[in-house]
1. I want to make sure I understand the PRE zone here: with the label point 7 angstrom from the Cα of residue 253 toward its beta carbon, which residues in segment 193-213 have backbone N atoms less than 17 Å away?
2. Over segment 263-320, what relative contact order in percent results from Cα pairs under 8 Å that are six or more residues apart?
3. Quick one: helix 259-270 against the long Cα principal axis of the chain, what's the angle to the nearest 10°, folded into 0 to 90?
4. Shape call for segment 252-313 from the C-alpha gyration tensor, a ≥ b ≥ c root eigenvalues: rounded (a/c under 1.5), prolate (a/b greater than b/c) or oblate?
5. Anyone know which of 176, 260, 116 comes out most mobile in the 10 Å Cα GNM of the chain?
6. Which value in nm describes the separation of the simple spin-label points at residue 204 and residue 143, placed 7 Å from the Cα toward the beta carbon?
7. Roughly how tilted is helix 84-95, in degrees to the nearest 10 and between 0 and 90, from the longest Cα axis of the chain?
8. Any idea what the relative contact order of the chain is, in percent, if you count C-alpha pairs under 8 Å spaced at least 6 apart?
């Protein structure tokens, strides 16, 4: 496991005077959910937290950056302060007026990388939540969530996944009169979710690069109507989920990057299942009534996982 030289100065050591310095020994464990964005018609604004959670521990050390990561993608992530979780934590600490001599990160990744399940958003939210939990433990939930949303959106670049990771459940992120805001819509108790995860990843930038700069007015109008219907279906009318998840803005354009996922999605929809590409793909998300989940079957080339609707990120433990 690589780490920075404990004797070498870090960015935290060079922070301006007046910053509050956290002493070694303090640590926090946070939990973050996997998420799915878009949900068909809600491009770049709808998000859904899944009952698939990871734990991340960040502790203050005497110097340097220590990264102990196992599980999904562990051999592909950096082992220094450029790790997304640590980078987000350091950014959050600086905004909160705090500095540290060093940090230790421990986590076991279970959310697959590059599959459209919000692994990057989970990392960003985990780092920022750890920062605020270290500096302001027990802060009021609403205040904390607004701070997390602002900073996570600045790092991620769009708010759909991070909003769901922070608030939990079904979220609609939008730019309101007072800036970025989130509406949380209760999900009908009969609604649950399953995901079909392929072995091959697709980079979000590659999937987004396939989208055209403009779309026909008719397609945009149809998506607007289905977005409204999806809010109704998820909250009050699960029987309308198939119609509510129809999309004309992004999924068909992305077929070349994920032909197997696109074929599975269209096949499931032909069977009456509310299947969509999860985020930028290539995972396929199926929104379903609980009494119909048993009818879903395994598909070669995909790992099927039944997941429920999840809650938002939270502190699991604060020590020191």
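Every number here is computed from the coordinates shown, using simple stated rules; none is lab data. Here the structure is a predicted model, which is why all the values come from computation and not from measurement. When we count neighbours, we look across all protein chains shown, and the Cβ atoms used for this are built from the backbone with ideal geometry, even at glycine.
1. Counting backbone N atoms under 17 Å from the label point, the list is 203-213.
2. Numbers: 28 pairs, mean separation 10.4, N = 58.
Relative contact order here is 18 percent.
3. Helix 259-270 and the main axis of the chain meet at about 50 degrees.
4. Numbers: a/c = 1.80, a/b = 1.27, b/c = 1.42.
In terms of gyration-tensor shape, oblate.
5. 176
6. Placing both labels 7 Å along Cα→Cβ, they lie 2.9 nm apart.
7. 60 degrees
8. Numbers: 738 pairs, mean separation 82.2, N = 320.
Relative contact order here is 26 percent.
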